[in-house]
Every structure is written in C-alpha cells, then in structure tokens.
C-alpha cells in the first residue's frame, strides 16, 4: 500500500511536538517516535547510523519544505517488506515465528475489489483466511504454540469477532509503540488516506501536552496485546 502524504505529515507534526516537549533533537524524535524508519524499508533495527536514514536526515536539514521532502523520499524508496519471520500468508492474515513455541498474527488489507476487509460482508472470508492459517499451524508446528497479537485493531468489534473470545479476553494495553504500524495504522483507511477526524483528535490532545508523560494517551485507540494457546483457535475454527 502507498500511504498518502498526509499520513507522513501527521507523524512529522507528532515528532516535532515530541522534540519541543522533551528537548530531544528532531533527528532522534523522528527515529524513536515515528514509523518512518520502517516505511523507508530499513527494517526494524532503528540504527541511527544507517546510510539511508542519514541520507534522509541530511536532505531534511536542507529542505525548504520538510513535508514535501519526506514524502518524496518515501515514494523513492522500495516498499517496506513483510514483518520479520513471516512463515505463511492466507488472504488478509499471516503469521510469523517469534521464538520456539510462539507465533505472531499479522493483518493487512488484501482485498483488491474495494471491499472493506473487516466489513460484515467479508466476515466469512476472513474466518476462512484464519481457518486456513491455523490449519497450516496445526500441520506444521508441534506442540501447539502460543499465539500472540498486538494491534489497535483489537479495539474493534469487527476484528475481535474473528477470534476466540478467550483470546480477545486477554487484551491488555501496551505502551511505547510509536515506531510501529500497530499504533499508527488507526489513522489510515484501506486506501492509505488519512482519517481526518481521529488525526485531528490526536493533534488536539497533543497540543494539551506539557511533557512526554502520558504521550500514549494522545492516541484515540491504544495498542492491545493478546495471547492464548493455539488449541483454542483449532476448536474455534473447527480444525
């Protein structure tokens, strides 16, 4: 997916506010409080000495318009790849191995015909995606692993209804996810355009901040982490 320039603009504004509130250099705020490093296809090491990252910062320092430079730099970079460790993909869902005995679920919009991927009319297809995914897990992974998820999407009933209730019931808020799409994804629609109302809510809350304390609370939806055993999924999808 190609994200709209307004999505990167939003993160630039956020990083600038972080820099003002904390006294951090803007370069560090951009590295630690935006999704830019990943969006530029640089992986997840967040290495401030990466030559491509340094190229971005050098151009930013001399740019007359930081927003225009950032978006131009983003569009010139190869698309960010799959999350690390992805084993297999089934429709909108994929999974990766975190460690021995643990897997992580990932979601992306794989619809190509304009349907909302979490619309009620696509519920059966999403359930079929997940049934195929967990059939693969059951066939290839012994013993049954622990299943991990972390995303703003677990706030939505349209997403929660696709999973066992016992899994969703474990949801807990996780903070400091400023570099990752499981937090920033709430601001873009399925076409990569910014959802203006919640973007403005973020900025309004940010303007009321006087320090970095409670910065997570500027985000309308929090990242929720969930976890349960794979057997609960096997039973739920009838595998």
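The values are calculated or read from the model by the stated rules, or taken from the named source; none is laboratory data. Treat the numbers as computed from the prediction; the structure is a model and nothing was measured. Here the Cβ positions follow ideal geometry from the backbone for every residue, glycine too, while neighbour counts run over all protein chains shown.
When the range 121-164 is filtered for residues that are surrounded by fewer than 13 Cβ atoms within 10 Å (Cβ to Cβ) and either in contact (Cβ under 8 Å) with a residue 24 or more places away in the chain or in a helix (DSSP H, G or I) (or both), the ones remaining, listed by number, are 121, 124, 139, 140, 143, 157. The lone criterion from (1) closer than 24 Å to residue 184 by Cα; (2) in contact (Cβ under 8 Å) with a residue 60 or more places away in the chain; (3) not in a helix (DSSP H, G or I) left unmet by residue 118 is number (2). Condition check for residue 168 on (1) over 22 Å from residue 122 (Cβ atoms); (2) buried (at least 18 other Cβ atoms within 10 Å of the Cβ); (3) not assigned by TED's automatic domain parsing to the domain that holds residue 46: one failure, at (1). Scoring residue 198 on the criteria (1) surrounded by fewer than 18 Cβ atoms within 10 Å (Cβ to Cβ); (2) touching a residue at least 40 places away in the same chain (Cβ under 8 Å) leaves a single failure, condition (2). In the range 208-235, of all residues being assigned to a helix (DSSP H, G or I) and touching a helix residue (DSSP H, G or I) at 6+ places or on another chain (Cβ under 8 Å), the one that is nearest to residue 104 (Cα to Cα) corresponds to 230. Residues that are within 21 Å of the chain's Cα centre (by Cα), without any contact (Cβ under 8 Å) to a residue 12 or more places away in the chain and assigned by TED's automatic domain parsing to the domain that holds residue 195 do not occur anywhere in the range 22-41. Mind listing just one residue for me: the one in the range 93-109 that is surrounded by fewer than 14 Cβ atoms within 10 Å (Cβ to Cβ) and assigned to a loop (DSSP other than H, G, I, E, B) and, of those, modelled with the highest pLDDT? Only one residue tops the list, namely 101.
Might you let me know whether the range 174-189 holds any residue that is modelled with pLDDT of 95 or more, part of a helix (DSSP H, G or I) and over 21 Å from the mean Cα position of the chain (by Cα)? Checked the range 174-189: no residue is modelled with pLDDT of 95 or more, part of a helix (DSSP H, G or I) and over 21 Å from the mean Cα position of the chain (by Cα).
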